[in-house]
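The values are calculated or read from the model by the stated rules, or taken from the named source; none is laboratory data. Predicted model, so just to flag it, every value in this text is computed and none were measured. Cβ placement follows ideal geometry from the backbone for every residue including glycine, while neighbour counts extend to all protein chains displayed. The accessibility values were calculated without ligands, DNA or RNA, using every heavy atom of the protein model including side chains. Shrake-Rupley method; radii C 1.70, N 1.55, O 1.52, S 1.80 Å.
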Amino acid sequence: MESLYIVSFFLNTKIGFFLATRQIKKASFWTTGLIVFVMVLTFLNLVVVSGILVGLIEGSIAAWHNQYTSDIMISNLDTKDYIENSPSIISTLKALPEVQYISARYAKGGTIEANYKTKKETDKPNTASAQIIGINPMAEDQITGLASHVAEGEYLTPTDYDKVLIGQFLLAQYLPVESPGFTTLKNVGVGTKIRMKVNGITREVVVKGILKSKVDNVSMGLYVVDSQVRELIGRQDNNVSQIAVKLKNGADVASVKNQLLLRGIDKQAKVQTYIDAQPKFLKDIIATFAILGNALSSIGLVVASITIFIVIFINALTRRKFIGILKGIGINGKAIEMSYIFQSIFYALLGSGIGLLVVYFALVPLFAAYPIDFPFSDGILVAPLVETLIRVGLLVFATLIAGYIPARMIVRKNTLDSILGRN
Amino acid sequence: MIIVKNLIKSFKDGQTETKVIKGIDLKVENGQFIAIMGRSGAGKSTLLYQMSLLDEPTSGEIIIDGKEAHTMTQDQKTQFRLLNCGYVFQDYALLPELTSLENVVLPLLMQKMDKKVAYAKAKEALEKIKLGHRLKNIPSQLSGGEQQRVSIARAIANHPKILFADEPTANLDNESSKIVMKFFLQLHKEGQTIIMVTHEEQYAKMAEKVIKIDDGKIVSIHSSTN
């Protein structure tokens with residue numbers, strides 16, 4: 001009984017394939033083209049919409065990783081504002097073969113003020129709060145490519161005393177938003193003198209460059225050479241607040257972190273990979289966008305199913321007479337249904353195939369070259385091959401079901417009614 | 001042998017019920033060539049559809065070679081038609097995307113016949129009906145007469161027990177009609193059972209027996225003079 005069923009299944013599949021290939025070959029080029037075009041759009045809807053949502057966050061994560069934390073971020077414990085034994089930790093890091101570069105930073109909250117010379121007593125002070133970050137310009141550029149984010153003016157050199165790089169979001173011309181408790185400096189550009197107040201000490205500095213970045217910690221920071229910050233905050237012990245560590249290509253971030261933990265560095269500092277160091281809002285957005293992406297994909301899948309259902313239904317309905325003839329001459333209904341399933345699969349595979357080419361050879365490179373300019377990231381298109389292939393599988397499966405149902409509906413109609421076109 | 005017992009077929013349209021076949025009894029012996037005649041709307045095609053298991057009678061019995069049609073499921077009827085019946089329709093009923101050869105080979109492949117054997121048989125059937133030179137043509141590239149001959153080749157390729165033909169010459173010119181009828185006669189001589197519906201007396205006369213139907217009832221059965 002079972003073997004009879006298998007034989008009949010293969011026979012129906014064979015006849016179904018025979019019919020489907022002939023129908024596809026003889027179908028109108030424009031009709032097939034239109035169906036395939038709809039399938040391509042459906043596929044793109046499935047992959048690109050969620051891909052951009054993910055890409056938006058991936059762009060943000062990549063920016064956070066590349067421009068701020070690098071691969072491993074060592075920072076002060078919550079109870080201290082510096083990392084104890086920083087020189088020893090830095091020596092340990094330099095001794096690790098996986099480590100390529102490190103950048104030690106001093107970070108301290110402070111205020112900055114502009115137009116203080118022309119200000120009248122009644123005028124509101126032109127001030128803003130900023131994170132004062134002391135860096136070794138060369139080391140920092142090796143790690144984060146900070147120099148490439150200088151939009152106006154020039155990057156710092158190690159001897160640039162009383163010169164600063166200012167983040168764009170501290171300047172009113174780049175962030176013309178004023179909310180309670182958050183102010184920006186007005187009328188400040190490259191060459192403007194501003195006052196920097198940190199640790200109770202005020203110093204007049206010149207803006208050497210303006211930094212443009214979508215990472216808040218960069219765009220809201222005031223970068224000064226490390227020796228000057230060390231002097232201002234009185235850190236003669238060389239203990240820093242952050243150490244960003246860049247590993248050599250191929251090095252395992254988690255394994256390096258474990259090595260550092262084994263050396264007990266976590267007793268003096270927080271040791272985080274770039275993933276651990278992601279801010280909570282980014283993690284929340286990732287989770288939200290994942291849900292949103294799945295919801296949009298599901299809707300896309302339903303739309304695809306309905307589209308192919310309508311296409312196959314109309315196709316089967318217009319061919320009802322021939323379906324009746326096939327049944328009349330003894331062709332099994334299942335073989336006829338199979339022919340529509342094959343046609344659905346053909347449309348889904350061709351649509352997905354073209355969609356894959358469009359995604360990987362056009363859209364991904366295009367978005368990489370011209371990312372979408374979102375306020376907090378440069379949105380790229382993320383389409384991991386495995387996930388995309390899973391979506392192709394889902395699309396083919398949904399299409400298969402959507403093709404089978406209308407074919408079954410038509411095949412089940414009375415044979416003679418179908419032949420004669422009676423309702 | 002086909003036995004038809006008290007066959008009734010009616011169609012419902014809302015509250016209205018129209019009886020098209022009003023209790024027909026009939027027996028067709030193996031190898032007979034039967035022509036069913038009648039004016040338009042007499043019920044001759046409806047009778048053919050019931051006898052050929054393409055439609056469900058409202059009541060009555062159809063027994064073909066001892067098998068009672070009303071006990072068969074739809075799938076069993078399809079399988080029965082595949083193995084035992086050949087059909088020739090008025091409008092040829094060929095599949096437009098298939099070539100002549102593919103139209104003929106399709107039911108053979110469905111019979112689990114080996115591909116090579118099936119194609120050889122299909123080719124043989126087409127050659128028998130003088131269409132050996134049109135194997136790769138699709139129906140739209142053939143004349144009406146040629147299409148009907150392909151339809152006949154499809155019907156006889158696997159030597160069915162019964163050949164059902166519904167107005168096979170209605171859409172054909174005189175010349176093509178004569179070719180088709182000549183071929184039917186040749187098949188009949190070879191022992192093929194043929195049940196043909198026609199309204200053309202000249203072709204009905206070629207059959208062994210002519211059954212006249214009017215208003216859903218058999219009004220006369222007589223042997224042909226030919």
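Worth pointing out:
- Residues of segment B:72-86 satisfying the condition of being without any contact (Cβ under 8 Å) to a residue 60 or more places away in the chain, open to solvent by less than 90 Å² (accessible area, probe 1.4 Å), more than 8 Å from chain A (Cβ to nearest Cβ) and among the polar types (S, T, N, Q): B:T73
- Subset of segment B:214-226 (residues that are surrounded by fewer than 22 Cβ atoms within 10 Å (Cβ to Cβ) and of a type outside the set (D, E)): B:K217, B:I218, B:V219, B:S220, B:I221, B:H222, B:S223, B:S224, B:T225, B:N226
- From the list A:T79, A:T122, the lone residue that is more than 23 Å from A:A277 (Cα to Cα) and over 30 Å from the mean Cα position of the chain (by Cα) is A:T122.
- Residue count for segment A:297-333 satisfying the condition of being facing chain B (nearest Cβ under 9 Å) and surrounded by fewer than 20 Cβ atoms within 10 Å (Cβ to Cβ): 1.
- Any hit, segment B:46-68, residues being aliphatic (A, V, I, L, M), crowded, with 20+ Cβ neighbours inside 10 Å and more than 24 Å from B:D215 (Cα to Cα): yes
- Candidate set: segment B:163-189, residues that are buried (at least 22 other Cβ atoms within 10 Å of the Cβ) and within 20 Å of B:S40 (Cα to Cα); chosen: the one farthest from the chain's Cα centre (by Cα): B:L172
- Among residues of segment A:197-213, those that are open to solvent by 50 Å² or more (accessible area, probe 1.4 Å) and either under 22 Å from A:A277 (Cα atoms) or not assigned by TED's automatic domain parsing to the domain that holds A:L146 (or both), counted: 1
- Any hit, segment A:177-196, residues being crowded, with 20+ Cβ neighbours inside 10 Å, at pLDDT 90 or above and touching a Lys or Arg at 6+ places or on another chain (Cβ under 8 Å): yes
- Residue within segment A:368-385 that is assigned by TED's automatic domain parsing to the domain that holds A:G16, within 30 Å of B:P160 (Cβ to Cβ) and of a type in the set (A, V, I, L, M) present: no
- Tally of residues being farther than 20 Å from B:I2 by Cβ and open to solvent by 40 Å² or more (accessible area, probe 1.4 Å) across segment B:190-205: 5
Results for (1) away from chain B (no Cβ under 11 Å); (2) open to solvent by 30 Å² or more (accessible area, probe 1.4 Å); (3) modelled with pLDDT of 90 or more, shown as yes or no for each residue.
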| position | (1), (2), (3) |
| --- | --- |
| A:N12 | no, no, yes |
| A:I15 | no, no, yes |
| A:I24 | no, yes, yes |
| A:T42 | yes, no, no |
| A:V47 | yes, no, no |
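- Among the candidates A:Y174, A:Y161, A:Y155, residue that is modelled with pLDDT of 95 or more and either part of a loop (DSSP other than H, G, I, E, B) or of a type in the set (V, I, T) (or both): A:Y155
- Of B:G41, B:G14, B:G60, all but one fail to be farther than 23 Å from B:G191 by Cβ, more than 12 Å from chain A (Cβ to nearest Cβ) and in contact (Cβ under 8 Å) with a residue 40 or more places away in the chain; the exception is B:G60.
- Meets criteria (away from chain A (no Cβ under 11 Å), open to solvent by less than 10 Å² (accessible area, probe 1.4 Å) and of a type in the set (S, T, N, Q)) for B:S100: yes
- Subset of segment A:91-142 [open to solvent by 30 Å² or more (accessible area, probe 1.4 Å), in a helix (DSSP H, G or I) and either touching a Phe, Trp or Tyr at 6+ places or on another chain (Cβ under 7 Å) or closer than 23 Å to A:V256 by Cα (or both)]: A:S91, A:T92, A:K94, A:A95, A:D141, A:Q142
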